[in-house]
1. Can you tell me how many residues within the range 265-295 are open to solvent by 10 Å² or more (accessible area, probe 1.4 Å), touching a residue at least 40 places away in the same chain (Cβ under 8 Å) and over 21 Å from the mean Cα position of the chain (by Cα)?
2. Mind checking which residues of the range 349-374 are out of contact with any Gly (no Cβ under 9 Å at 6 or more places or on another chain) and either crowded, with 23+ Cβ neighbours inside 10 Å or part of a helix (DSSP H, G or I) (or both)?
3. Please pick out the residue among T466, T489 that is hydroxyl-bearing (S, T, Y) and either within 30 Å of D245 (Cβ to Cβ) or at pLDDT below 95 (or both).
4. Hey, can you tell me all the residues within the range 439-469 that are surrounded by fewer than 20 Cβ atoms within 10 Å (Cβ to Cβ), part of a strand (DSSP E or B) and of a type in the set (G, A, S)?
5. Would you confirm whether any residue within the range 127-135 is open to solvent by less than 60 Å² (accessible area, probe 1.4 Å) and touching a Gly at 6+ places or on another chain (Cβ under 9 Å)?
6. Is it fair to say V343 is β-branched (V, I, T) and under 24 Å from D525 (Cβ atoms)?
7. Within the range 296-310, which residues are buried (at least 17 other Cβ atoms within 10 Å of the Cβ) and either touching a strand residue (DSSP E or B) at 6+ places or on another chain (Cβ under 8 Å) or of a type in the set (D, E) (or both)?
Amino acid sequence: MADRRPPQQRPRKGAVKTAGVVHPQRRMRFMLFGILIVFSLFGAQLVKLQGLDAASVSAAAFDRRLTETTIPAQRGTIYDAKGVALAESFERKHIVGDPTAVVTYTKRIDGERVEVGYAGAAADIASVTGGDAAQIERKLHEPDAARFTYLAKDVSPQVWQEVKALGIPGIYSEPYMKRTYPLGASMAPLVGWVGSGGLPANGIELMFDQDLTGTPGTATFELGGRGEIITTGTNDEIPAVAGQDVRLTIDSDLQWFTYNEVAAMVEQAGALSGYAVVMDPNTGEILAAASYPSYDPAKPTQTSKGLRNPLFEDVYEPGSTSKVITAAAALEEEIIDLDTPFVLPNRLHRAGRSFKDAHDPDNPYVTFAGVLATSSNMGTIMYGEELPDDVFYDYIKAFGMGSTATLGFPGQSAGLVHPPEDWSATSKYTMYYGQGLSSTMLQQIGVFQTVANGGVHVEPKLIQGTHDEDGRFKPEAGDKGERVISQETADELTAIMEYVPSPEGTAPLAAVEGYRVAGKTSTADRYDPNLGRYSGVTAGFIGYAPADDPQLVVAVAIQKPTRGKWGGSLAGPVFSEVMRYALTSRGVEPSTTEAPPVKLDYDPDAPAPGGPRGATLGDIAIKEGTP
């Protein structure tokens, strides 16, 4: 078509059109210039990162890859006297996942790599651990975008290795030391307990926590983007240092046997609780210390009430077993002798109160030996009141009552023994026969340990020693003992107490066939702090054997029985079985001698030389010489 514009408006032939149009060569220059600017910026940043800031950038990247975990220290093992483990730790694993890495999990299916993600990872982990695949998958989803979640807890190292072999990205383990108690409830109150948080609760675990606790180590390594450990990267480890081992004086076999005997009697008697202690009277070593009810240390949670050890914490009035203290003091102070005659009244009036025995005496004409052997409260008051108050109090303390044992066991009580200035008008009379003062079983067995050891009181001992990190054994020092009464007084008390477990005594069921046994029953009124009054009784028996050469002391107490009442019929059988087992298992030879004869009563018509005919009712007639 012809250009109809005027000639002056027509472009000249060969002219370049410039209005609104960029020349291609100029455009190319602009583009090249822009590209050079961008590349120069990239280059400058690269120079900055690799040159000027190379160290800081490298360190930041390294820090993101670097992971440090704690290596738990193995807690020391608690052993019995024979090397049997009572509490020990085993390595276990918690399986942990990083969901942001696990989601990329792929596996070969029918020859092809398929991304199976959370569902596939959960199914594979569950197949190895025995867990719930749906629950594991939920943990990977919740909370969203989390980098850490527990997928399985408390698995064996072998199971962890099987999970690790699956090759799932973002799956790793957290080391964990699990505390186990092979003897279960029979040893639990004594050994104590360590929960999942690693904190000890009562018992030896708490008592020796500082020794048993080791020093944790650390493991430092690099993780890749998919949560895998970079094997060629940093991998440093500071090993953990295990805690020291502790060896007890306990015989675990004897402990197990004692626990079962106590448990059976508590159930049979419908009692609130019961406990028993077996001790070597010569060294004070505790060979068994069992209490029932107990608790299962395998459970992950416990109550503070359940973790108590009543053997060391329960304070109660000992009753007639405490008459041994009064008798020992009277013999030692030469107030009476074995043949001193008594006439036992049906009632004894002191300090405005009328005292009586559990039952009226069949024969009121008894010797001092008969008073103790038949456990007469009346006779005990009659000779006890001849002791000055401060002298009687000193003997109570010397036998270990009212003082915390040096044992160091957590929660142990000192009991309650008021000084003379705090006694009421009647309390000293009840204290003569074991009411009005309180003590623990550990203190009460100490009274009989003293007599069995020829009059020398030795502090109880529960720890043989500890093993340091190099395995060297450090023995625990023993107590040298302190003489409380003479050997002669101890022998006289033993001769009297041999009558108690005889067919004519108050505890024939406490006898042990083949062995001479000396001991004392107790049926004490039991104070209930919840009721604020006396309710029920404590049935007890404490004794030792062989009486001619004491090797073992056993104390038994059954608290608040509802079927049966007397110490001889409830605590006596437990004593007999435990003592029999302990003697035979330790190879103690049966007795080959007979118990010495002890005169328990007398002829009231036989005159006491230098005094009136017979003895005075409610008083003591000192018998001197031979009629």
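1. Result for the range 265-295: 7.
2. The answer is T367, A369.
3. T466
4. Scanning the range 439-469 gives a single hit, G465.
5. No: the range 127-135 contains no residue that is open to solvent by less than 60 Å² (accessible area, probe 1.4 Å) and touching a Gly at 6+ places or on another chain (Cβ under 9 Å).
6. no
7. Listed by number, the residues that qualify are P297, L307, N309, P310.
So that you can scan it fast, the table gives a plain yes or no per residue for (1) without any contact (Cβ under 8 Å) to a residue 40 or more places away in the chain; (2) open to solvent by less than 10 Å² (accessible area, probe 1.4 Å):
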| residue | (1), (2) |
| --- | --- |
| T489 | no, yes |
| P503 | yes, no |
| T521 | no, no |
| Y527 | no, no |
| Q551 | no, no |
| V554 | no, yes |
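The values are calculated or read from the model by the stated rules, or taken from the named source; none is laboratory data. Note that the coordinates shown come from a computational prediction; the quantities given were computed from them, not determined experimentally. A quick note on method: Cβ atoms are made from the backbone with ideal geometry, for glycine too, and the neighbour counts reach across all protein chains shown. Quick note on the areas: whole protein, heavy atoms, side chains included, nothing else; ligands and nucleic acids left out. Shrake-Rupley method; radii C 1.70, N 1.55, O 1.52, S 1.80 Å.
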